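The structure appears below as structure tokens.
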Amino acid sequence: MENLRAHIRALERPGWTGQEKLFSLGIPEIDRQLSAGGFPPAALYEVLADQPIDASAATGFCITLLTALTSYRKGRVLWCLNDNATDAGEIYPPGIKQHGLDPSLLTIVKTTRDTDVLWAMEEALRSNAFVAVLGEVKGIPMTASRRLQLAAEENDALALLLRPATQTPGLSAAVQRWRVKAAPSHPRGFAATLNEPGTACWHTTLFRSRGGTPGTWLMEWCNETNHLALASPVCDRPVEPHNTSLTG
Amino acid sequence: MSRITPALRDKPFVLVQERQARLCLSALNNLAERAGLAPHMALANARAIMPSLTIHPAAPAADGKMLAQLAQWCGRYSPWTSTGTENDPELSLEGAGGAGIWLDATGCAHLFGGEDAMLADMVGRIETLGFTARAAMAETLGGAWAVARFSSNDAWKVILPGETRAALAPLAIAALRLPPATVLALHEVGLRYIGDLLDMPRGPLVARFEKDVRLRLDAALGRTAEPLSPILPKTPLIARLAFAEPIGHRDDIAAATSKLLDSLCATMEKVGQGARRLVLSVYRPDGSAARITIGTARANREPQHLLRLFAEHLDEIDPEFGIDEMTLVAATAEPMTADQSNLQRGATAQSTDSYNAVIDRLTNRLGSRNVRRTHFRESHIPERAAGFIPIGKIHPIQTDQRDTDTPRPLRLLRPAEQVEAVAESTDGPPVLFRWRRVLHHITSYEGPERVAPEWWRSDTENPRDYYRVENETGQRFWLYRNSETSWFLHGVFG
């Protein structure tokens, strides 16, 4: 079976050597469900907000992915802002820094049209100047996502689509499609006694994963170590059961 | 005027303009001039001399516009053209000899096969546009001006270096660009030709006619410099391509652009320059022109890269009935050293190159304001402390990234949006708020964090108390209250 898979991949991607370095969010439970055993760095990902208000949570998840990528492969990141898509203000460098991503790696493109974003993303991917390219888009046709996926594979860069909440996400060539929703945080220690908000907590659904199994996880951001962890089961919110019927 | 109505060509015809409460002739055609009419003559006198005169009101504004358009058209001959009105108001349309266009043709003539051929081409083309033109080329501005207007009947004339003095001597004194009053005064003392002035002792001349005469004379002879254009590189960075048949197809235009770029980049390499701004002009047979300007983040002379930048904009060119000529000018160029051999250039240099290349492409399509980098400033006010500025811009005030201990949102609303909120007390934390029509109940909060205004700024506002709050579904917001107890949402946490 493994041989067959490798054979198909070699047919799909002539330049592929089979020795691809994967990156990880630091959560083995998720890596185990992915086909390659980790996140491929040259592929198209899609992150959707669950509700309009979750645009920031989706942004946070994107930054987590970028942080994980750039921590093992340092390089520039292009971020295409699109007010029409997210409508939740522009990203704020100090906040990004606190999430672990170095803001000086960022190059920002400000547009108001999806077509400009997709054009800029493809140009950037094909330029080889960036390790990751993120675009905020409202919707994306199947062909455009296929183009981005190919451009990402050929140029060995990560393409990331950040999309607002939508009932109809449509078809996409992305290798992974995530839906992110903010979840109530679990303050600990001092913060709990003072009734202060804890660290970021996201309810994430991997609703399509090429060659892997979809799943749902409750993740918690850890400020001290700058990475994600599954929300600990000692809290009275257990990890929700995997829902395998949600295929994209 | 006779360009639009060809019938007027064969009739005596004048344009009139009101001057000092009477109608005067401002321009006239050859037939009228032969009948003894002259500019500035009163219309009544002119009518008395020639009752059959055709009269039209003058339209100086339209004339000026036409002249400017023609000057732009002349860009096919030289990158530097001017109607001359802006540096010398005396020489405006009303001045002696009428309108003119200046061209700095240094180093351009070889593109046309010599000075004579260039002027012949120029006069011929302008005549097909329906104008009557005279051209002269000389080593000084004043010399060319005088010869073009006062010399014999040749439509064009080239005065070779060193021959200016001889060429000017037989011309009337008015050819020195002097005000009419000075010309009259010189006539009164019997000086009619420039030759009369050339050998005169300078002292008495200056004493009698002030500096004006001497200045103009020196300028015409090249004894003093008369700056025409500001700074022009010694080798003008220009390439030109003329077509036997007008072209109109996009692919043809792209191919021509590529050819122009090859030639210009070769020139730039020779003189060690790289382009920061390039202007591609296309000229149509009817005398109209269109241009595309592109900019680069740093000096560049890579034809492939520059062609890609132009390719984005080639569709903006409307060829109409065809394009018969194209020029490409490096409007802004910077010294650029030759590429070092690959020995020293590691992967970083290569990635910098490709980065600059992609930034150029993004900027040229989306606008330089829209391609940005992060920017930190020494400030407590959140919206001022960090943001994005255009990549090419160097900001005077810049600090390293500041670490704030208190959490900052991932997305900042610029400007902050006012919300309806209910607080425990006038200076207590918020309990609930409504943002974009949705009501949020606050389950936990952290704060307040006092952000004081910066007293050294004039637009000082109120101090703000920031709260980080979380609602029952887990969204975290950054709210603040100003001293007027109005609440604002400033950002959303991830």
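Couple of notes before you dig in:
- Solvent-accessible area buried by pairing A with B, both sides, nearest 100 square angstrom, 1.4 angstrom probe: 4500
- These residues, A:21, A:110, go from largest to smallest accessible area, 1.4 Å probe, as A:21, A:110.
- Once the C-beta distance of residue A:230 and residue A:115 is scaled by a Förster radius of 56 Å, the resulting FRET efficiency is 0.90 to the nearest 0.05.
- Only helical runs count toward this figure. For chain B, summing -39,500 (n - 2.57) over DSSP H runs of n ≥ 4 and dividing by all residues gives -9000 deg cm²/dmol at 222 nm.
- Rounded to whole Hz, the Karplus (6.51, -1.76, 1.60) HN-Hα couplings of the stretch B:307-320, x for glycine and proline: 5, 5, 5, 6, 3, 4, 10, 4, 5, 6, 7, 9, x, 6
- Distance (nanometres) between label positions extended 7 Å along Cα→Cβ at residue B:59 and residue B:244: 4.0
- Mean sequence separation of contacting Cα pairs (under 8 Å, at least six apart), scaled by the length of chain B, corresponds to a relative contact order of 8 percent.
- Remark on residue A:200: its backbone amide H falls under 5 Å from those of A:221, a criterion applied only to residues 5 or more positions apart or on other chains, H modelled at 1.01 Å from N.
- Sequence of B:19, B:481, A:5, B:250 from largest to smallest accessible area, 1.4 Å probe: A:5, B:250, B:19, B:481
- With the convex hull of the Cα atoms taken as the outline of the stretch B:61-221, the averaged projected area works out to 9.6 nm².
- Given +1 at the Cβ of Lys and Arg, -1 at the Cβ of Asp and Glu and no other charges, the dipole of the stretch A:36-230 around its Cα centre is 340 debye to the nearest 20.
- Counting heavy atoms of the protein chains alone, residue A:7 has an accessible area of about 110 Å² for a 1.4 Å probe.
- Across B:406, A:115, the residue with the most accessible area heads the list, and the full order at a 1.4 Å probe is A:115, B:406.
- Near residue B:134: Cβ cut-off under 11 Å, other residues only, Lys/Arg at +1 and Asp/Glu at -1. The net charge is 0.
- Normalised size of chain B, defined as Cα radius of gyration per 2.2 N^0.38 Å with N residues, equals 1.44.
- Rounded to the nearest 10 Å², the accessible area of residue A:72 at probe 1.4 Å: 70
- Solvent-accessible area per residue for chain A (1.4 angstrom probe, square angstrom): 42
- Largest mean-square fluctuation among A:194, A:150, A:134, in a Gaussian network model of chain A whose springs join Cα atoms under 10 Å apart, belongs to A:194.
- Counting only protein heavy atoms and using a 1.4 Å probe, the accessible area of residue A:162 comes to about 0 Å².
- Cα-based helix-to-principal-axis angle, B:250-271 vs chain B, degrees rounded to 10: 80
- When restricted to Cα atoms, the stretch B:411-492 yields an Rg and a Dmax of 12.6, 41 Å, respectively.
- Inter-label distance for residue A:167 and residue B:352, nm, one decimal - labels placed 7 Å from Cα along Cα-to-Cβ: 5.3
- 0 to 90° range, to nearest 10: angle between helix B:347-366 axis and chain B longest Cα axis: 70
- 25 °C / 0.890 mPa s Stokes-Einstein diffusion coefficient of the protein assembly as shown, Kirkwood radius on C-alpha pairs, µm²/s: 77
- Partners for residue B:259 among lysines (Cα-Cα distance below 20 Å; same-chain residues under 8 apart left out): B:270
- Residue B:434/residue A:138 FRET efficiency (R0 30 Å; Cβ-Cβ; nearest 0.05): 0.75
- Distance distribution note for the stretch B:240-339: the fraction of Cα pairs above 25 angstrom is 18%.
- When the convex hull of its Cα atoms is projected in every direction, mean area for the stretch A:36-82 (nm²): 4.2
- All other residues whose Cβ lies under 13 angstrom from that of residue B:475 are scored, Lys and Arg at +1 and Asp and Glu at -1, for a net of +1.
- List of the stretch B:361-379 residues, accessible area with partners at least 50 Å² below that of the chain alone (1.4 Å probe): B:362, B:365, B:366, B:370, B:372, B:374
The values are calculated or read from the model by the stated rules, or taken from the named source; none is laboratory data. Fair warning: this is a prediction, and the values are worked out from it, not measured in the lab. No Cβ is skipped: glycine too gets one built from the backbone with ideal geometry, and neighbour counts run over all protein chains shown. In case anyone asks, the SASA skips ligands and DNA or RNA and just uses the protein heavy atoms, side chains included. Shrake-Rupley method; radii C 1.70, N 1.55, O 1.52, S 1.80 Å.
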